[in-house]
Amino acid sequence: DFDDTRAVEWFAALDYGFAHYTVALLGCRDGDGNTYIVDEHAERLWLPQRHAAGIKAMVGRHKMIADRGLRSTDRVETRPLELTDLRRFVAGADVFSRQGDGTTVAQQYERQGIRLRPANMDRLNGWAELMQGWGDSENGIQPTLFIHARCRRLIETLPTLQHDPNR
């Protein structure tokens, strides 16, 4: 379980597809520098308008402290998380490619209130960050990356991702 009020920074990422899955992941960092992937939206054969509604519902399932400056020891006031609370929402380069009519998928999402930024697509360093986050309990290195059980698709696909064992 993860207590949403521990989050000090929220972010999201999108991998767009139509025939293959479109997946949006919601994550956050806590005050200790741990990263939590807390929710996912994963569907296929949907248009961006329908995905946008699903993504907004996913974000809205989570809460944040209403005013960090007024933290009480008795009760913490919370409010639903909103897209505007995300520090960043990134997506792969394909979302920013011009289609035949001159528009981009990113523009379709922006019309639905979801502003996407290009993601860093460096897979080699991305794997290195994931491995560092997983830690090494046999050698006393504690994990700093945690994935919530509700992120079923992510949990299923991570072990199957292609990688070069020599790099």
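Throughout, read-outs are computed from the coordinates displayed, never taken from laboratory work. Please read these numbers as outputs of a predicted model, since none were measured by experiment. Note that we place each Cβ from the backbone using ideal geometry, even for glycine, and neighbour counts take in every protein chain shown.
Observations
- With distances taken between every two different alpha-carbon atoms, segment 37-129 has a Kirkwood hydrodynamic radius of 15.7 Å.
- Springs join every pair of Cα atoms under 10 Å in this Gaussian network model of the chain, and among A93, A19, A42 the largest mean-square fluctuation is at A19.
- Estimated 222 nm signal from helices in the chain, with DSSP H stretches of n ≥ 4 weighted -39500 (n - 2.57), rounded to 500: -6500 deg cm²/dmol
- Packing order of peptides 122-128, 3-9, highest average first: 3-9, 122-128 (average count of other Cβ atoms within 10 Å over each peptide's residues).
- Each distinct pair of alpha carbons in segment 86-126 adds a 1/r term; the inverse of their mean, the Kirkwood radius, is 11.1 Å.
- Net charge of neighbours whose Cβ lies under 14 Å from the Cβ of E110, counting Lys and Arg as +1 and Asp and Glu as -1: +4
- Just so you know, the Cα atoms of the chain work out to an Rg and Dmax of 17.3, 57 Å.
- Interchain or long-range residues, amide H under 5 Å from G17's placed H: T22, V23
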